[in-house]
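Engineer: Take this structure, written in structure tokens, and hold onto it; I'll ask about it next.
Readers should treat all values here as calculations from the given coordinates under stated rules, not as data from a laboratory. For clarity, every value in this text was computed on a predicted model and none was experimentally measured. Note that we place each Cβ from the backbone using ideal geometry, even for glycine, and neighbour counts take in every protein chain shown.
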Amino acid sequence: MSVQTAFDKAKADGRAALVGYLPAGFPSRDGAIEAAKTMVAAGCDAIEIGLPYTDPMMDGPTIQDAVHQALVGGVRVADVFRTVEAVAATGVPTLVMTYWNPVDHYGAGAFARDLASAGGSGLITPDLTPEEGGAWLEASDAHGLDRVFLVALSSTDERIETITGVSRGFVYAASLMGVTGARSAVDTGAPRLVERTRAIIDKGRAPLPVGLGLGVGTGAQAAEVAGFADGVIVGSAFIRRLLDAPDAAAGLAGVRALTEELAAGVRQGR
Amino acid sequence: MAGLVQYFTDRIGRFSHDRTRFLMTMDTAARGAAPVPDGTGHFGRFGGRFAPEALMAALDELTREFDTAKHDPAFTAELDDLLANYAGRPSLLTEAKRFSEHAGARVLLKREDLNHTGSHKINNVLGQALLTRRMGKSRVIAETGAGQHGVATATAAALLGLTCTVYMGEVDTERQALNVARMRMLGAEVIPVKTGSRTLKDACNEAFRDWVATVDDTHYCIGSVMGPHPFPMMVRDFQRIIGVEARRQCVDMTGGLPDAVVACVGGGSNAIGTFHAFVPDESVRLYGFEAGGDGVTTGRHAATLVGGSLGVIHGMRTYLLQDDDGQTLETHSISAGLDYPGVGPEHSWLHDTGRAEYREITDAEAMDAFSLLCRTEGIIPAIESAHALAGALKVGRELGPDATIVVCLSGRGDKDMHTAATFFGLMPEGEGE
């Protein structure tokens with residue numbers, strides 16, 4: 001099921017979609033599944049499961065800590081598929097967010113096959129651009145998977161056209177120039193990026209939602225972003241709740257409360 | 001016929017070299033007609049640009065700027081002037097007569113250790129620092145392992161009035177403390193990196209994280225022939241002066257080309273710099289020596305081409321030390337500068353095509369060669385360079401007494417005194433590790 005269905009449903013409700021991120025294996029293999037199911041129950045429209053990687057070049061300290069903990073805990077690629085399977089079974093579209101090397105090493109075709117059979121919707125690839133993505137374009141076509149590429153504040157119109165032209169599910173607009181992690185304010189350039197991206201999508205044939213991520217962590221920010229984007233993506237703020245919790249139950253309660261706050265936010269923006 | 005053309009090309013190169021040192025390296029590149037990389041930075045199936053979208057505009061700008069700069073006489077003249085009158089080029093080619101007796105062949109040392117700041121790193125950094133200024137940027141950042149690239153970057157930043165931040169793994173700040181002090185004296189901010197294995201690869205990650213947030217006013221001065229396009233090509237072009245000079249000097253000194261060229265390989269910039277001018281010379285064997293650590297079979301090593309597999313790291317497709325899930329493996333080497341799980345994509349290409357041969361040298365073999373050069377030639381090499389020297393001892397025995405071997409002595413060993421003194425038990429009691 002394409003993640004675009006979640007965006008379409010939210011749009012029909014007159015609101016933005018809420019997309020939550022959590023790495024597999026964090027805080028534990030089962031703990032990640034429980035936390036993601038909690039996010040779904042409390043109002044996330046789609047889930048991104050992170051594939052923990054040793055060299056998370058685009059991530060700030062919060063996600064670095066979480067994936068480090070997951071890797072130390074022995075998480076494997078197979079656990080990522082198991083996590084996707086459990087979360088997708090709730091009925092929400094579930095994507096994998098991953099640096100390219102683990103997929104490359106697994107084989108793009110084999111990864112697409114196993115992700116599809118786990119019920120996953122597709123991949124978000126923060127360090128893969130369409131120019132280097134030939135194998136993934138082919139594999140995602142073969143298995144009917146979404147491929148979410150990123151656009152950035154620094155992207156030229158030509159590049160946005162290339163990127164949106166091959167993206168499927170949605171296109172991920174990075175709200176700021178920097179790594180992942182909650183920030184106190186949404187970058188002032190973000191609305192302009194979404195606007196530029198939309199204008200370019202509108203010139204093409206197929207509609208494509210624009211989700212905005214990086215730096216969003218509160219209900220107020222979610223409401224602000226929902227005012228101009230089709231979806232709000234939140235990652236580090238969920239992890240922060242789990243990292244700071246004294247025990248598993250408190251962690252889940254924190255995740256639930258944050259999801260409810262963000263879900264209210266995406267309904268206030270319009 | 002080809003030999004005759006070669007002869008005249010050499011003569012022409014020699015006449016004009018004082019005036020147009022950097023341009024000459026470009027002319028020689030044209031002569032070599034090496035077809036790599038292609039327009040998108042691919043060396044065969046290696047290289048490319050696996051980087052976040054946020055950096056694409058900066059990488060495109062850098063590619064354009066490098067291309068116009070290398071054809072701009074004002075840029076090449078300024079770089080040539082700095083290389084000659086600041087860095088001290090050309091570096092010497094020294095015949096190592098007593099060391100040669102142990103190698104069983106005639107060994108010529110390309111003395112990059114005599115450059116200002118003590119290694120080949122300055123060649124690349126001066127070029128990139130000039131480009132930084134040309135792009136209107138005011139800050140440079142760098143990763144460093146042994147600290148040689150960090151020192152060179154801090155030096156160029158001081159010279160050109162740029163702000164400088166250097167990322168260095170915490171493990172390396174401890175084993176190369178002298179270089180940390182040097183960088184700070186030169187006005188650079190040194191940030192110890194405490195994530196992952198706390199060595200060179202983690203310093204690279206942290207530098208990329210900085211760059212993606214600061215790319216408007218900051219240039220990431222990558223220290224080796226690695227990273228996303230155009231870095232592997234650009235750093236090679238700034239370093240290939242090593243081989244251009246060595247080739248001419250060897251012809252002058254011996255009347256012909258060497259039989260073999262030897263260099264150590266971490267990321268591989270001194271090796272590419274030394275090899276590149278010789279790539280078209282089919283009679284010249286090229287050998288790269290990687291850090292074998294405790295031995296490749298022990299798993300405690302950094303010999304990427306010997307023991308790695310195809311993957312993507314730090315923006316490039318190349319050979320990589322990784323596990324079954326594509327997770328980067330922790331590496332080990334006594335040499336901080338070679339302690340890296342990837343390798344420049346052009347080396348992967350030279351390895352695949354068979355044009356260059358790559359082998360490993362263990363910590364113990366490197367330290368034996370380190371000691372041997374000290375005592376036979378009165379030259380203290382960097383531990384990185386000692387891997388090339390150990391390689392030359394092996395190659396010399398294989399090729400025999402008639403062979404001439406050019407070895408890139410990529411850096412000097414002052415920074416390694418603590419490690420070496422500890423290794424050889426020369427520290428007074430209580431001061432060793």
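Engineer: Could you size up the charge dipole of the range A:4-268 around its Cα centre, putting +1 on the beta carbon of Lys and Arg and -1 on that of Asp and Glu, and report it in debye to the nearest 20?
Structural biologist: Roughly 480 debye, rounded to the nearest 20.
Engineer: Report, please, the projected area of the range A:139-194 averaged over directions, based on the convex hull of its C-alpha atoms, in nm².
Structural biologist: Here the figure is 4.6 nm², rounded to one decimal.
Engineer: Taking beta carbons within 10 Å but only from partner chains, what does the mean come to for residues A:128-137?
Structural biologist: Counting other chains' Cβ atoms within 10 Å and averaging over A:128-137 gives 3.
Engineer: State the Kirkwood hydrodynamic radius of the protein assembly as shown in Å, one decimal place, computed from all pairs of distinct Cα atoms.
Structural biologist: 26.3
Engineer: Name the long-range amide H neighbours of A:Ala173: under 5 Å, sequence gap of 5 or more, or other chain; modelled H, no Pro or chain starts.
Structural biologist: HN-HN under 5 Å from A:Ala173: A:Val151, A:Gly211, A:Leu212, A:Gly213.
Engineer: Per DSSP helix of 4 or more residues, -39500 (n - 2.57); summed, then divided by the residues of chain A. What does that give at 222 nm, rounded to the nearest 500?
Structural biologist: That calculation yields -15000 deg cm²/dmol at 222 nm.
Engineer: If I build a Gaussian network model for chain B, linking alpha-carbon pairs within less than 10 angstrom, which residue out of B:Gln239, B:Gln128, B:Gln322 has the largest mean-square fluctuation?
Structural biologist: The residue that fluctuates most here is B:Gln322.
Engineer: So, one more: Run the numbers on the range A:1-92 and let me know its relative contact order in percent, using alpha-carbon pairs under 8 Å that are six or more apart.
Structural biologist: This gives 34 percent for the range A:1-92.
Engineer: When you look at the Cβ of every residue in B:43-55, what mean number of other chain Cβ atoms sits within 10 Å?
Structural biologist: 6
Engineer: Per-residue counts of other Cβ atoms within 10 Å, averaged by peptide: what ranking do you get for A:204-216, B:88-100, highest first?
Structural biologist: Highest to lowest by the protection proxy: A:204-216, B:88-100.
Engineer: Which shape class applies to the range B:95-193: rounded if a/c is under 1.5, otherwise prolate when a/b exceeds b/c and oblate if not, where a ≥ b ≥ c are the square roots of the Cα gyration tensor eigenvalues?
Structural biologist: oblate
Engineer: Straight-line reach only, C-alpha to C-alpha below 16 angstrom: list the aspartates and glutamates that B:Lys70 could link to, leaving out same-chain residues fewer than 8 apart.
Structural biologist: Straight-distance partners of B:Lys70: B:Asp27, B:Asp60, B:Glu61, B:Glu78, B:Asp80, B:Asp81, B:Asp237.
Engineer: For a quick protection proxy, order the peptides B:64-71, A:22-29, B:416-423 by their average other-Cβ count within 10 Å, most packed first.
Structural biologist: By packing density, highest mean first, the sequence is A:22-29, B:416-423, B:64-71.
Engineer: Calculate, in whole percent, how much of the Cα-Cα pair population of the range A:4-268 lies beyond 23 Å.
Structural biologist: In whole percent, the share of Cα-Cα pairs in the range A:4-268 beyond 23 Å is 46.
Engineer: Next up: For B:Lys194, which lysines qualify as cross-link partners when the Cα separation must be under 30 Å and same-chain residues fewer than eight apart are set aside?
Structural biologist: Qualifying lysines at Cα under 30 Å: B:Lys121, B:Lys137, B:Lys415.
Engineer: Follow-up. Give me a comma-separated list of calculated 3J(HN,Hα) values for the range A:152-158, in order, Karplus coefficients 6.51, -1.76, 1.60 applied at θ = phi - 60°, integers in Hz, x for any Gly or Pro.
Structural biologist: Calculated HN-Hα couplings, in order: 10, 4, 8, 5, 6, 4, 4 Hz.
Engineer: Same structure again: Applying 1/(1 + (r/R0)^6) with R0 = 30 Å to the Cβ-Cβ distance of A:Asp30 and B:Arg300, what FRET efficiency is obtained, to the nearest 0.05?
Structural biologist: 0.30
Engineer: Counting partner chain Cβ atoms within 10 Å of every residue's Cβ in A:69-75, what's the average?
Structural biologist: 1
Engineer: HN-Hα J couplings of the range B:114-126 from phi, Karplus 6.51/-1.76/1.60, θ = phi - 60°, integer Hz, Gly and Pro as x?
Structural biologist: 8, 5, 4, 6, x, 7, 6, 4, 4, 4, 6, 5, 4
Engineer: Could you work out the helix-only [θ] at 222 nm for chain B, with each DSSP H run of four or more residues adding -39,500 (n - 2.57) and the total divided by the number of residues, to the nearest 500 deg cm²/dmol?
Structural biologist: -14500 deg cm²/dmol
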